[in-house]
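Please read the structure below before turning to the comments.
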Amino acid sequence: MSRPIYIAPSLLAADFLHLAEAVELVNQSEADWLHLDIMDGVFVPNISFGMPVVESVARLCKKPLDVHLMIIQPERYIETFYELGVHHLILHYEASLHLHRYIERIHQLGMQAGVALNPHTPIHVLDDMVHMIDIVLIMSVNPGFGGQQFISHSLHKIRQMKEKILKTGSSAKIEVDGGVDLQNAAEIFRAGADVLVAGSSVFHAPNPAEAIHLLKHAC
């Protein structure tokens, strides 16, 4: 039996004047999760949206909320995102000084814990904690902006990460974010990815629901 593929449309690429419609589109689609990028303009050179938007989206969304914190000192908001109803909370390795402690706290609250790695960060930094992570997010673009081109070296990192997960018996899923589209989805999946985050290729498509369907079945 082939392993499943999870599709997580990124709300960052949606029309912010019509977020409710975008969330409902995801609800009615074959998407598995809804991906939310939280940016502070410090850790990454962009600002996205904050707690009031997440709270509103959580009221409407019927799919698990997959929240990616691209902010400094993300540990300040772990409890807040739990209270907002987030299912998966992903922290950046590069932004978290005491990552092991924060992963434990996320688990104590009942959320799944993820760790994101920037393109320049090698996977061996997770050697001592891969067994306790639910999601490893491989950034396949430099974080901060949507619509960027997929960094081809990311495929090598995905393969390395999958090998490490299998070798250690970890149950972590590999999530890939940045430049994912119909042209590379199957190759990314074959490299070992379990979750594809797709922003522009979904919400900028003529038919976003059809784009989600095609991504889901491209793998």
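Bear in mind these aren't lab numbers, they're just calculated from the coordinates by the rules spelled out. For clarity, every value in this text was computed on a predicted model and none was experimentally measured. A quick note on method: Cβ atoms are made from the backbone with ideal geometry, for glycine too, and the neighbour counts reach across all protein chains shown.
Counting the residues of segment 25-61 that are closer than 18 Å to residue 216 by Cα and of a type outside the set (Phe, Trp, Tyr) gives 10. Per the listing 103, 78, the residue uniquely hydrophobic (A, V, I, L, M, F, W, C), touching a Phe, Trp or Tyr at 6+ places or on another chain (Cβ under 8 Å) and assigned to a helix (DSSP H, G or I) is 78.
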